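**Student:** I am attaching a structure below and will ask some questions about it afterwards.
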Amino acid sequence: MKKKYYYIFYGNIFTSRDWDRLGCDYFSQRGYQVVPVELVSFLQPEYEKKLSRKKFNKSHVVQQVANKDEIKDLVSTISPSDLVILALRINVSSLPVFEIFTRHKVNYSCITLGNLPTRTCRFNGNALTFWEYLLLKFLDIRMALSGLKTILFTMFGGGIKWYKLRPPTWWICAGSLNYRTLSLVPWPWHARIISVPSFDTQIADQLIHNPPPSVYDANTEYAVLLDDGFLDHPDFLYMNIKCPITKEKYSQSIKLLIAKIESDLGLKLIIAGHPKSDPLMASYIFSDALFIQNKTPELVLHSKLVVTSCSTAISYAVRMRKPLIFYTTDEIEKSDLYKGFLSRMSSWFGMRRINIDHLKDTPALEIPKINEKYYSSYETSFLLEKGVKNHVLWGEVAHQHEKYILQYKREKNHGKS
């Protein structure tokens, strides 16, 4: 019997967390040979040289490719019955990969499973002033026009010849707002949609139905802060953007926040460490709080309050219906990228962000009430589209793929007869 393969062509360093989230164990148990293909040496060799791999928990075999010939050799072995994920978007660096896929007529899938409200300001209760709300809405329009301009340039300019490239066969997405048209993938509207739960939805639901013991003292009520890895997130290097904060100022601000939460709410503040944060850096930034890494969903589950700026782990708080507080700092407010991101995210909950550099001027904190309208809107837009059954994420993908393969084989055999 011919082996079935599950290929994941990945533009960044492939970690054990990626292995878990992309269903590698599931497909392995289903009889697939799992092959994660790391393209970072080919796409951004300078990035790999700057970044230490020690920060990444790599516990599974990854196939690294460093040039076009290695990609061609690998792609030439892919058969129509193999499941292929291409976790890339088109630019000058990635164009050769799309060209090779086109030349070899590879059926591939794109994914949007951890989407965030980066483009849309939702409810106006988040804005600090009415003028800020108008500015945010104006920036939404400008961002949409900029995205359209980028797409048109990709399609017709820059020597990319987007229109000659092979479109994805499938688009695996969570939530109704998947921004497929603005995705910079060739002919995205040609792809057939597989609607599934998000990465975090599945994890949250498992914990809700089978809650584990508290990671912290079960007799102590606490709030949890979702660490964004502001100081040392590897995406700063990957995207070539400047770190938005300085460690001395941020550390002092966090200390004030810890004291404010304890005095106003009587809650201990625990830090849910970002999976790529450096524990040594974290021990400096969060010196007055307990820092726990790789246990974020468990910490959120047993918490009384979730404190965040713009962490993707907000999905756990939404699915588990936990109260939210959004925080910012003077330095974050000076960052166009993070201020806009934070403002849009908090807008989906109609909440204003709290500047923790000015807590003396802030009224006593209260635990907010859950607004079901806002939480439900966020959930259906980004986590689980309305009407979509909460099946095992990768089980639905496998089902659709294998059904497609059976149809392909029938048509092939029919053509021979």
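**Student:** Residue by residue through segment 234-255, note down the ones that are at pLDDT 85 or above and either surrounded by 16 or more Cβ atoms within 10 Å (Cβ to Cβ) or basic (Lys, Arg) (or both).
**Tutor:** Passing the criteria: 247, 249, 250, 251, 253, 254, 255.
**Student:** Scan segment 384-401 for residues that are within 13 Å of residue 172 (Cα to Cα), assigned to a loop (DSSP other than H, G, I, E, B) and among the charged types (D, E, K, R) and jot them down.
**Tutor:** Residue satisfying the conditions is 385 alone.
**Student:** Ok, one more. Quickly run through segment 24-49 and pick out the residues that are surrounded by 11 or more Cβ atoms within 10 Å (Cβ to Cβ), part of a helix (DSSP H, G or I) and either among the hydroxyl-bearing types (Ser, Thr, Tyr) or at pLDDT below 75 (or both).
**Tutor:** 26, 28, 41, 47, 48
**Student:** Further, regarding this structure: So the check is Cβ under 7 Å with 6+ separation or different chains; which pairs have a first residue in segment 2-20 that's farther than 18 Å from residue 88 by Cβ and without any contact (Cβ under 8 Å) to a residue 60 or more places away in the chain and a second one that's small (Gly, Ala, Ser) and assigned to a loop (DSSP other than H, G, I, E, B)?
**Tutor:** Partner pairs satisfying both residue conditions: 16/59.
**Student:** Would you point out which residue out of 342, 299 is without any contact (Cβ under 8 Å) to a residue 60 or more places away in the chain and not charged (D, E, K, R)?
**Tutor:** After applying the criteria, what remains is 342.
**Student:** Look at residue 220 and say whether it is surrounded by fewer than 19 Cβ atoms within 10 Å (Cβ to Cβ) and in contact (Cβ under 8 Å) with a residue 60 or more places away in the chain.
**Tutor:** It is false that residue 220 is surrounded by fewer than 19 Cβ atoms within 10 Å (Cβ to Cβ) and in contact (Cβ under 8 Å) with a residue 60 or more places away in the chain.
**Student:** Considering each residue of segment 328-337, count those that are surrounded by fewer than 22 Cβ atoms within 10 Å (Cβ to Cβ) and either in contact with a helix residue (DSSP H, G or I) (Cβ under 7 Å, 6 or more places away or on another chain) or among the polar types (S, T, N, Q) (or both), and give that number.
**Tutor:** Count: 4.
**Student:** Kindly evaluate residue 349 against the criterion of being touching a residue at least 24 places away in the same chain (Cβ under 8 Å), out of contact with any strand residue (DSSP E or B) (no Cβ under 8 Å at 6 or more places or on another chain) and assigned by TED's automatic domain parsing to the domain that holds residue 265.
**Tutor:** So residue 349 does not fit the description; no.
**Student:** Right, something else. Name the single residue that is farthest from residue 303 (Cα to Cα) among those in segment 161-204 being touching a residue at least 60 places away in the same chain (Cβ under 8 Å) and of a type in the set (Phe, Trp, Tyr).
**Tutor:** 162
**Student:** Are any residues in segment 72-97 more than 19 Å from the chain's Cα centre (by Cα) and under 18 Å from residue 112 (Cβ atoms), and if so, which ones?
**Tutor:** Selection gives 83, 84, 91, 94.
**Student:** List every residue pair whose Cβ atoms lie under 8 Å apart, where the two residues are 6 or more positions apart in sequence or sit on different chains, the first residue falls within segment 262-291 and is under 19 Å from residue 215 (Cβ atoms) and in the same structural domain as residue 327 (by TED's automatic domain parsing), and the second residue, located anywhere, is at pLDDT below 85 and of a type in the set (Phe, Trp, Tyr).
**Tutor:** Here the result reads none, with nothing in segment 262-291 linked to a residue that is at pLDDT below 85 and of a type in the set (Phe, Trp, Tyr).
**Student:** In this structure, is residue 207 in contact (Cβ under 8 Å) with a residue 12 or more places away in the chain, in contact with a helix residue (DSSP H, G or I) (Cβ under 9 Å, 6 or more places away or on another chain), in a loop (DSSP other than H, G, I, E, B) and of a type in the set (A, V, I, L, M)?
**Tutor:** The answer is no for residue 207.
**Student:** For segment 278-311, name all the residues that are out of contact with any helix residue (DSSP H, G or I) (no Cβ under 8 Å at 6 or more places or on another chain), surrounded by fewer than 17 Cβ atoms within 10 Å (Cβ to Cβ) and among the small types (Gly, Ala, Ser).
**Tutor:** If the condition is that a residue be out of contact with any helix residue (DSSP H, G or I) (no Cβ under 8 Å at 6 or more places or on another chain), surrounded by fewer than 17 Cβ atoms within 10 Å (Cβ to Cβ) and among the small types (Gly, Ala, Ser), then 283 is the only one that fits.
**Student:** Sticking with this structure for a sec: Within segment 120-136, how many residues turn out to be within 30 Å of residue 199 (Cβ to Cβ) and at pLDDT 70 or above?
**Tutor:** Looking only at that region, the number is 4.
**Student:** Still on this model: Counting just the residues of segment 201-233 that are of a type in the set (Ser, Thr, Tyr) and modelled with pLDDT under 95, which one comes out nearest to residue 380 (Cα to Cα)? Please lay out each step first, then the result.
**Tutor:** Taking segment 201-233 as the starting set, the residues that turn out to be of a type in the set (Ser, Thr, Tyr) are 201, 214, 216, 220, 222.
Keeping just the survivors that are modelled with pLDDT under 95 gives 201, 214, 216, 220.
On the way: 201: 11, 214: 28, 216: 31, 220: 33 Å.
Out of the qualifying residues, it is 201.
**Student:** State all residues of segment 58-108 that are surrounded by fewer than 16 Cβ atoms within 10 Å (Cβ to Cβ), among the hydroxyl-bearing types (Ser, Thr, Tyr) and over 21 Å from residue 31 (Cβ atoms); if no residue qualifies, say none.
**Tutor:** Correct list: 59, 76, 93, 102.
The values are calculated or read from the model by the stated rules, or taken from the named source; none is laboratory data. For clarity, every value in this text was computed on a predicted model and none was experimentally measured. Cβ: placed from backbone, ideal geometry, glycine included. Neighbour counts: every protein chain shown.
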